[in-house]
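See below for the structure under consideration.
No value in this document is a laboratory result; all are computed from the given coordinates. Just so we're clear, the structure is a prediction, and the values are computed from it rather than from any experiment. A quick note on method: Cβ atoms are made from the backbone with ideal geometry, for glycine too, and the neighbour counts reach across all protein chains shown.
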Ligand SMILES: [Zn+2]
């Protein structure tokens, strides 16, 4: 086996030691100029430190923790050593317990994010929701509503997406005003907009803005079913849930953009993740809204149980489509049981026959 | 060859001309001979794996890229070695997540709440947000340099950065404010203070780098460019106030723009672009001269340095990059309308593919045509009196950061 010259750096100083090297059995023998051995490195432990293997120069290391480096510029010798040492460009085997720092800090990171989501965010959201002025809430609500209308209008003009029907609109506004005036209602003035859409949904937005999608009206077979939905949304408005959700979403967006870092694949996912996580009210908020709605309905002697067929008719759709409110309303069966347990809340009807016909005709269908 | 042409004309009378201590820095010091193909391959691999792993591959991807770039840099006859690992970067990121996310999060929420409560407070809120981010960024930047230097070795000996990130942040904030309030006049002092702290804290083995450049010297270095810029800007302002047929008030609400007005607006934007371009050129010239000033006032043991970084070549690199960018985006906007005509689903797919390609392409363009040429140019034009000061250094004993860049990563500081 050939003898080659190289330079050895020992990790203690940057000075080079001129050495000659040769391969003996399964070892690399390093001798200084006087012929005294200065090191015997086992070929199994030997690694090429350069990221791109080169034919004309090589820098070798011996052991993960060993700073020493041996540099050789002899093409023949490099070819030899590459042939004899198959592991030269392989990774070193992982050390025992390599996963511990990962486990500790992934756990810590997850715990920190969990604390943020479970405690800090809801707390901040409530504080902020109560801090914001009526004007600000109104502004946010109006902007969100415009955005929703624009989204559903698609290529039509936004005005076309809104259902006109003056009589129906007046009937609904009257019903909302009655429901809101209940003791469990709210003093926040409510603006109601009916939007043409195939998605059966109803939304409460910050600042007392309420949006009903036409499909929801189509699904309701009795005025009291719709009244139940409206009462539920009024309860959300009373408890300032929409602004709470809005602030939570802002917070979630912040966390996601921090966690996922730069744009490489992260940002799009952040958007999707935020939608999936942020669109839901908590189970507690929904229970609260349902129980307040029951009180409102009882006060007006409207029939809450009319909601049950409506909820059931929404269920199959809600399972397959992304419907922000009802798809994420947790435990449909639990909700229905609660409504049934409340017993008879009244006989209704919430709207007269003429009014109900006008509401049904609002979107021209 | 490459040390020629430029030094004759433009360097006359500037502060680094009077090289002292007898010995001239004439030996080559650095060489950047990194091959392009592996780097391009690596960038693509990083991007694609980054998308697949929701961005979490970036820690390992960056590490591989750095190994290539470090390995492509020769100091004397020996190459640099990068010792960092993806694991260190990842755990550094997790630590930052645990400790700093709640803090940043609260600042973020408070400022967006300020913005929501009253539009008047919105400016204060976003200023506050910006100030906090800027401060963190300065701190993170210093920690990032420390990590990178501590993971860099030459001839088996490591580099290191001493000093404190908070101190650096303080200096940076103070002098950034000063240079803002002095309308940029004190900007050279900011640059000098930062270089001073950074270089005097940089260590190879047990030996410190030294920087002796004064604020006065830096000021002289930058003065021609600051004055040219001031001259340019005031000239432009004077032109628009006194000579232009279009006054600023016209530009706002021109509901019935006449032919002359359109022509004048075209002239206006042309001049504005010219001023911006010239101003950018002055800035680049300032930076190039700063690098020369830095080299001339830097020492390591007995070794002294000299940079002959040529302004013209640096500008050429920027011009090539600018043209390539314009061509790439031009192609995008030429093709988009064509795609619009195609049927809707195909269009969405095509546009998506197109954006991904452009997004991947742009990073490659930036690396191949901007970062690497500049690096090559900088290395080739840096000279040293004698490299032996580096060869006699002993290993330093002392701590080094255990984990990686953390917060800097969360803020996405530095591409590599
Ligand atoms: Zn609800």
Subject >> Extension gain, residue B:357 back to residue B:328 (0.36 nm per residue minus Cα-Cα distance, nm) >> reply: 9.4 nm
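How long is the gain from residue B:366 to residue B:240 if the chain were fully straight, where each residue apart is worth 0.36 nm and the alpha carbon distance is subtracted?
Gain in length upon complete extension: 41.8 nm.
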Original post:
Using the 10 angstrom Cβ neighbour count as an exposure proxy, how do B:227, A:351 rank, fewest first?
Top reply: B:227, A:351
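Hey, got the average number of other protein chain Cβ atoms within 10 angstrom for residues in A:57-70?
2
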Subject >> Shielding by partners - mean other protein chain Cβ count within 10 Å, residues of A:131-138 >> reply: 2
Original post:
In nm, to one decimal, how far is the residue B:166 label point from the residue B:318 one, both placed 7 Å along Cα→Cβ?
Top reply: 3.7
Subject >> Highest-first arrangement of A:31-39, A:340-348, where packing means the average Cβ count within 10 Å >> reply: A:340-348, A:31-39
**OP:** Report the FRET efficiency, 1/(1 + (r/R0)^6), for residue A:150 and residue A:117, where r is their Cβ-Cβ distance and R0 is 25 Å, rounded to 0.05.
**Re:** 0.25
**OP:** Measure out, as a whole number of angstrom, how far apart the alpha-carbon centroids of segment A:17-32 and segment A:74-139 sit.
**Re:** 42
**OP:** Shielding by partners for B:89-98, please: the mean number of other protein chain Cβ atoms within 10 Å of each residue's Cβ.
**Re:** 5
Original post:
By average Cβ neighbour count within 10 Å, what is the ranking of A:356-363, B:35-42 from highest down?
Top reply: A:356-363, B:35-42
Original post:
Roughly what would the spin-label model give for residue A:301 and residue B:53, points 7 Å off Cα along C-beta, in nm?
Top reply: 6.8
Original post:
Which order results if A:224, A:146 are arranged by neighbouring Cβ count within 10 Å, fewest first?
Top reply: A:146, A:224
Original post:
Let a ≥ b ≥ c be the square roots of the eigenvalues of the Cα gyration tensor of segment A:4-84; is it rounded (a/c under 1.5), or, if not, prolate (a/b larger than b/c) or oblate?
Top reply: rounded
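Order by neighbour count: B:210, A:222, B:304, fewest other Cβ atoms within 10 Å first, most last.
B:210, A:222, B:304
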Original post:
Once label points are set 7 Å from the Cα along Cα→Cβ at both residue A:110 and residue B:45, what is their separation, rounded to one decimal in nm?
Top reply: 3.0
